[in-house]
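The values are calculated or read from the model by the stated rules, or taken from the named source; none is laboratory data. If you're wondering where the values come from, they're calculated on a predicted model, not measured in any experiment. Cβ sites come from the backbone with ideal geometry, for glycine too, and all protein chains shown count toward neighbours.
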Amino acid sequence: MILLEPHSFDPYMHLSAFSRETGGAGAIASFIGVVRGDRKDVRALFLDHFPGVTERAIKGAAAEAEGRWPLLGLRIVHRVGETPVGEPVVLVTTAAAHRRAAFEACDFLMDYLKTDAPFWKKEISGEGEVWIEPRAKDYADRARWSK
Amino acid sequence: MILLEPHSFDPYMHLSAFSRETGGAGAIASFIGVVRGDRKDVRALFLDHFPGVTERAIKGAAAEAEGRWPLLGLRIVHRVGETPVGEPVVLVTTAAAHRRAAFEACDFLMDYLKTDAPFWKKEISGEGEVWIEPRAKDYADRARWSK
Amino acid sequence: MARLLFFGALGDAMGRERALALPDGVATADALIAYLCASDPVFADAFRRTKVKLAVNESIVDPEAPIGDGDEIAFLPPFSGG
Amino acid sequence: MARLLFFGALGDAMGRERALALPDGVATADALIAYLCASDPVFADAFRRTKVKLAVNESIVDPEAPIGDGDEIAFLPPFSGG
């Protein structure tokens with residue numbers, strides 16, 4: 001399941017639902033990204049996306065993950081629009097028989113979302129709005145998965 | 001928080017409570033291990049441990065993780081006693097400012113729990129009871145973290 | 001008319017969407033960018049600040065890709081999600 | 001008397017806990033294992049099937065570590081959690 005979510009979402013409800021769907025899985029890895037409020041006076045993150053194209057691109061990355069690891073399921077929820085500080089902005093969870101497949105696929109998908117999915121991210125603070133590009137570290141993380 | 005849990009537990013309640021504790025964290029990684037029911041007619045897993053010693057050993061590994069990665073928190077819940085098929089047997093979750101620290105610490109702690117924490121694991125099936133030692137893959141995974 | 005879409009920082013600078021009658025000689029993605037840079041200082045400035053990829057009818061294309069009337073042409077700054 | 005604790009497969013074979021008056025000459029972890037293997041075929045068999053580490057008073061010790069009356073000596077097959 002791949003979901004672009006314009007509203008607040010509860011990642012734990014998603015995780016719980018996902019685990020019910022993937023009953024046979026021994027291993028469930030997950031990652032939750034939260035809008036950090038520890039810098040300047042950031043108030044929110046705004047996520048722009050390309051309707052239709054973004055969903056299709058993420059589906060492609062999910063299919064790649066399913067080709068590379070023996071997954072029993074995955075779920076990706078990504079906020080779009082404005083997400084206030086302290087709220088989850090992304091959830092990736094993967095299920096497999098064994099933990100390495102679940103961990104690696106989850107890690108791969110997060111690296112993909114950070115640098116290669118059609119999203120554009122703006123920090124909204126008291127000082128104004130700033131569009132954020134990935135850090136060099138994000139591109140380096142993503143490059144780990146090149147075949 | 002490190003908890004040896006003799007009863008069924010809800011990993012999503014733990015994750016939710018953990019995320020409230022670690023408000024400033026941008027990244028929360030987690031792993032849930034579930035007793036798999038896809039092999040033979042396994043009915044449950046029995047986990048033996050060494051009271052006092054097991055908790056202390058896990059605390060040592062948690063302290064090592066906190067030394068190696070800039071964590072904002074971690075929580076480990078491990079079942080002891082009998083866990084029926086389909087129920088969670090272990091939860092590890094880690095919080096950090098950025099995702100690599102959270103992912104790697106979570107992965108490290110799971111590898112530790114699989115091979116180096118004082119637990120002993122028995123599969124209970126219709127055919128009887130079998131003590132399970134780690135697979136070669138588990139030891140290889142663990143060896144990735146040697147300094 | 002072509003339909004131009006602008007995302008991220010470009011969307012803030014240019015507006016999300018414009019209709020444009022492609023002038024004669026503007027028949028590739030590259031030529032369109034050159035035309036916009038020459039005719040619109042706001043675009044030229046925004047384009048200078050960031051690397052931009054183009055998608056024609058929802059597929060990312062090379063700079064020499066052909067474009068024409070009726071196409072939807074999207075201007076995509078570097079992706080950044082999560 | 002020493003207090004012996006057995007975990008995992010060894011616990012199933014030997015019972016979880018035994019009190020043992022250490023015989024003369026049994027003053028190290030190694031010597032205790034040799035004594036138990038010689039005197040108890042169940043232990044000898046279980047010990048042969050798996051690698052065992054010893055903890056004396058809750059610390060893992062080398063085979064040549066000294067043991068004595070009043071010690072708690074735990075027999076630990078390979079750990080396997082998660």
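Numbers for the structure displayed
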{"item": "Residue check, B:Ala44 modelled with pLDDT of 95 or more, among the small types (Gly, Ala, Ser), crowded, with 21+ Cβ neighbours inside 10 Å and in contact with a strand residue (DSSP E or B) (Cβ under 7 Å, 6 or more places away or on another chain)", "result": "no"}
{"item": "Filter result for the condition that a residue is buried (at least 19 other Cβ atoms within 10 Å of the Cβ) and within 14 Å of chain A (Cβ to nearest Cβ), over C:Ala55, C:Ala29", "result": "C:Ala55"}
{"item": "Output for the stretch A:112-147, where each listed residue is among the small types (Gly, Ala, Ser) and more than 29 Å from A:Gly67 (Cα to Cα)", "result": "A:Ser125, A:Gly126, A:Gly128"}
{"item": "Scan of the stretch B:1-55 for residues that are in a loop (DSSP other than H, G, I, E, B), farther than 16 Å from A:Gly23 by Cα and within 7 Å of another protein chain (Cβ to nearest Cβ), ordered by number", "result": "B:Gly23, B:Gly24, B:Ala25, B:Gly26, B:Phe50, B:Gly52"}
{"item": "Within the stretch B:23-36, tally of residues that are under 28 Å from D:Arg16 (Cβ atoms) and modelled with pLDDT under 90", "result": "1"}
{"item": "Hey, A:Ser16 among the polar types (S, T, N, Q) and in contact with a strand residue (DSSP E or B) (Cβ under 9 Å, 6 or more places away or on another chain) or not", "result": "no"}
{"item": "Qualifying residue in the stretch A:59-75 (condition: in a loop (DSSP other than H, G, I, E, B), touching a residue at least 24 places away in the same chain (Cβ under 8 Å) and in contact with a strand residue (DSSP E or B) (Cβ under 7 Å, 6 or more places away or on another chain))", "result": "yes"}
{"item": "Looking only at the stretch D:1-14, and only at residues there that are over 12 Å from the mean Cα position of the chain (by Cα) and within 13 Å of chain B (Cβ to nearest Cβ), the one that is surrounded by the fewest Cβ atoms within 10 Å (Cβ to Cβ)", "result": "D:Ala13"}
{"item": "Checklist (1) more than 25 Å from B:Lys114 (Cβ to Cβ); (2) in contact (Cβ under 8 Å) with a residue 24 or more places away in the chain; (3) within 13 Å of chain C (Cβ to nearest Cβ) applied to A:Met110, failing item", "result": "(1)"}
{"item": "Subset of the stretch C:58-82 that is part of a loop (DSSP other than H, G, I, E, B) and under 12 Å from the mean Cα position of the chain (by Cα) - its residue that is surrounded by the fewest Cβ atoms within 10 Å (Cβ to Cβ)", "result": "C:Pro63"}
{"item": "Evaluation of C:Asp45 against (1) within 12 Å of the chain's Cα centre (by Cα); (2) more than 13 Å from chain A (Cβ to nearest Cβ) (one fails), failing number", "result": "(1)"}
{"item": "Residues located in the stretch A:5-53, provided they are hydrophobic (A, V, I, L, M, F, W, C) and without any contact (Cβ under 8 Å) to a residue 60 or more places away in the chain", "result": "A:Met13, A:Ala17, A:Ile32, A:Val34, A:Val35"}
{"item": "Close pairs (7 angstrom Cβ cut-off, 6 or more residues apart or separate chains): facing another protein chain (nearest Cβ under 10 Å) in the stretch A:85-101, among the hydroxyl-bearing types (Ser, Thr, Tyr) anywhere", "result": "A:Val89/A:Thr83; A:Leu91/A:Ser30; A:Val92/A:Ser30; A:Thr93/A:Ser30; A:Ala95/A:Thr22"}
{"item": "Any hit, the stretch B:123-130, residues being over 23 Å from B:Pro6 (Cβ atoms), in a helix (DSSP H, G or I) and without any contact (Cβ under 8 Å) to a residue 12 or more places away in the chain", "result": "no"}
{"item": "Some residue of the stretch B:105-114 being farther than 14 Å from B:Ile32 by Cβ and among the acidic types (Asp, Glu)", "result": "yes"}
{"item": "Residue check, C:Gly82 closer than 29 Å to A:Lys114 by Cβ and modelled with pLDDT of 95 or more", "result": "no"}
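Table: residues versus (1) assigned to a helix (DSSP H, G or I); (2) at the interface with another protein chain (Cβ under 10 Å from one of its Cβ atoms).
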residue	(1), (2)
B:Thr83	no, no
B:Glu104	yes, yes
B:Lys121	no, yes
B:Lys137	yes, yes
